[in-house]
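Here the structure is laid out as structure tokens; the discussion comes afterwards.
The values are calculated or read from the model by the stated rules, or taken from the named source; none is laboratory data. This is a predicted model, so every value here is computed, not measured. Here Cβ is always computed from backbone atoms with ideal geometry, including for glycine, and neighbour counts include all displayed protein chains. Please note that ligands, DNA and RNA were not included when accessible areas were found on the heavy atoms of the full protein model with its side chains. Shrake-Rupley method; radii C 1.70, N 1.55, O 1.52, S 1.80 Å.
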Amino acid sequence: MKKYAAAFAALWTAAALYAWLRNFGSAYLFGLWSSALLAVFFCAAYGFGRRVLQTRADELGAPGCRFAAYVSLGMAAITYAIILLGAARVLYPFAAVLALGGFLWFGRKHLTREFEWRSLRQNPVLAIPVCAALGAAFFIAWMPPHQYDSLVYHLALPELYAVKHALVCAPDNFYSFFPQNGEMLFTLGLLLKSDILGQLIVWLACAVSCVWVYCYAEETSGSGLLAAFLTVTHTSVFLLASTTYVETLVMLWTTAGVISFLKWTAADRGAGTVWLLLCAVFCGTGFGTKYYAGMTVGILFLLGLYHAYTLGTFSARKTRLLELAGFAAVCAALYLPWAVKNMAATGNPVFPFFYKIFNQGGSGPNIEAAKGYFFTIREYTHGAGLLTELVRFPVTALANPLAFGGGMDMLGGLGWELFFVSVPLMVFAAIRNRALRLAGLYLVLHWLVWFATGRALRFFTVAVPLASALAACGFALAAREFGKTARALLITGLIIFTAQRLALAVQVENLFETPRVLSGIESRERFLSRRLDYYPCARAAADGFNPSAKILYAGEHRTYYTGAQAVPTSIFRRNDFVGWADCGSPAAIAEQVKAAGITAIISVPREERRLSPYLTLQFTPQGRRAWNEYLSGLPAAYAGPACTLYLTGAPG
């Protein structure tokens with residue numbers, strides 16, 4: 001009887017799967033395949049990290065901390081493996097498969113469960129919402145990439161590296177001078193034929209950050225689930241966790257680095273060396289992901305010096321100082337690939353920053369673009385003065401958090417009300433719990449440096465997990481010590497804040513039309529064609545040209561989906577094609593286009609008008625006539641509703 005029941009159950013499941021795939025297969029098959037790739041990536045990272053750290057497992061503490069350390073270390077190792085493939089000019093799908101296979105083989109005997117989930121089952125009131133929020137973010141990550149910066153460089157540069165099979169310089173894309181550890185993971189996804197994999201890797205970074213903060217808050221105050229809940233329901237974190245923006249990756253490296261540092265300071269002399277080494281790996285990987293992660297390196301180094309000089313004996317201080325020297329060396333070594341790349345391209349290891357020092361007296365397109373870049377981001381400066389803005393910050397942060405970044409930076413400006421109102425809880429937790437004081441000091445210093453160097457809240461999301469840990473600890477202490485009335489009010493406020501955060505997330509996802517795609521109402525191709533003016537022409541170029549082609553975008557900053565080398569319209573310096581038009585006739589423009597090796601031109605008039613205020617697209621009247629006459633004389637390989645793909649006659 002059991003055999004018949006099992007056969008019927010199998011038939012039942014197969015029929016249900018068939019019905020689901022028949023109606024929604026086109027919407028979900030790519031997401032399911034990408035999720036399978038993520039599972040392979042996760043196993044490769046976890047197995048590698050666990051094998052490397054197996055001899056020091058006892059020093060890593062609870063299973064949750066070990067789990068987070070294993071995955072984080074493995075992700076860092078895979079990142080640098082892709083960098084090596086790029087430097088060796090072998091960025092091919094077979095090389096990516098062999099690399100992941102090598103990591104899997106190395107850790108094959110260590111792919112066993114070690115993280116205990118007992119505490120999650122004991123507190124379902126928080127565990128279920130945490131898992132539900134992570135699950136929702138995972139599902140949203142199945143959306144096709146369409147966010148602005150993803151299309152400008154987070155995926156556009158990896159697409160170029162995959163096309164060229166190497167980590168090449170891309171002077172036409174200004175963002176290629178920034179550190180790109182995150183983009184290396186996205187390159188891995190593209191080599192495996194899935195841009196969604198990049199988004200899922202970012203989601204994994206969010207999930208592992210939640211594990212880190214869960215373990216830290218659980219050890220210090222027993223409020224681990226609340227800390228994870230406050231992290232994942234933060235609107236900015238939730239939204240960014242399903243994109244190929246790198247803030248969530250930097251959040252992982254910052255959270256892992258700071259918690260590892262705190263464990264090093266709490267350990268006996270010599271016993272915590274493994275934690276400081278891990279801290280250096282995580283902080284160095286973060287610095288190689290985004291420049292602003294360097295503030296974590298600097299702050300932790302200073303806090304390490306302070307910690308060393310609070311020790312009682314000379315030998316203890318000497319040991320800690322030597323360990324700090326090793327910390328600095330590892331961080332520098334992990335940033336080194338990008339320093340070397342920038343030195344080769346510009347002579348400045350941190351270009352475009354400090355270009356007035358490293359590139360003193362220099363000129364050319366890169367210097368012009370650097371000047372334009374810093375002019376463009378002046379909106380992030382403190383117009384009323386640093387001290388005045390500092391005094392105004394509490395009111396501005398609560399009344400208008402979107403004042404700290406517009407456009408797509410809006411993704412990082414939502415859901416901060418609970419964070420700012422929780423500051424008294426964080427202070428209360430730091431006062432009552434000595435183990436939290438150094439974490440609180442780090443947060444204060446991080447906030448001060450962030451505020452002094454700019455004011456885009458998207459760049460401060462990296463501190464959300466640590467702030468959530470302190471807030472959760474303060475919440476738990478206040479709920480225990482201030483009586484039932486205070487506890488009821490705190491819980492009520494938490495529920496309202498959470499509802500507000502999630503409602504904001506729903507509004508943004510509706511604005512992005514996420515439900516239309518994830519419900520199967522609209523296909524990936526139709527969604528992108530309708531949402532992105534340039535997309536139909538980009539797809540036509542990808543289908544009609546070989547990867548050696550060179551496509552000029554006239555009036556479009558975004559280039560991902562082209563499938564070939566693309567020259568975007570710059571918003572930081574005067575575009576070359578504008579100069580060609582202003583200085584010549586259609587025949588002269590044709591000569592310049594040929595000399596530049598341009599295979600085709602994609603014209604996007606509506607986007608060109610939107611970008612015209614940047615003053616990098618200002619033709620002279622004569623230049624505009626020459627450019628329009630030149631384009632009208634070219635054959636159109638594809639004419640879409642909002643873009644046109646012109647052939648220049650060059651091979652491609």
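Side notes on the structure shown:
- 1.4 Å probe accessible area per residue over the stretch 54-169, in Å²: 43
- Relative to the current alpha-carbon distance between V97 and L111, full extension at 0.36 nm per residue lengthens the span by 3.2 nm.
- Loop-exposed GluC sites (Glu not before Pro) per DSSP, neighbour cap 15 Cβ within 10 angstrom, longest uninterrupted part of the chain: 117-652
- The three principal axes of the C-alpha atoms in the stretch 474-609 carry coordinate ranges of 82, 36, 27 Å, sorted with the longest axis first.
- Look at where the Cα atoms of the stretch 118-176 and of the stretch 1-75 average out, and the two centres are 18 Å apart.
- Accessible area per residue for the stretch 274-394, computed on protein heavy atoms with a 1.4 Å probe, is 48 Å².
- Calculated FRET value between T485 and I128, using beta carbons and R₀ = 22 Å, to 0.05: 0.25
- Pairwise label distance in nanometres, N628 with A7, each label 7 Å out on the Cα-Cβ vector: 7.6
- Lysine pairs within the chain, Cα separation less than 22 Å, 8 or more sequence positions apart or different chains: 13
- Estimated D of the chain in µm² per second, where Rh is the Kirkwood radius over Cα pairs and Stokes-Einstein applies at 4 °C, 1.567 mPa s: 49
- The Rg/Rh ratio for the stretch 406-452, using Cα coordinates for both the radius of gyration and the Kirkwood hydrodynamic radius, is 1.08.
- Surface composition of the stretch 63-118: carbon and sulfur make up 68 percent of the accessible area, probe 1.4 Å.
- Calculated on the Cα set of the stretch 47-89, radius of gyration then Dmax: 12.6, 41 Å.
- Alpha-carbon centroids, the stretch 189-250 and the stretch 565-614: separation in whole Å: 40
- Carbon and sulfur %, accessible surface of the stretch 195-346 computed with the full protein complex present, 1.4 Å: 71
- The stretch 201-242: relative contact order as a whole-number percent, Cα under 8 Å and 6+ apart: 42
- Per atom type, the stretch 484-565 shows carbon and sulfur on 62% of its accessible surface, probed at 1.4 Å.
- Here is how the number arises for the chain: DSSP H runs of 4 or more residues each give -39500 (n - 2.57), the sum is divided by the residue count, and the result at 222 nm is -21500 deg cm²/dmol.
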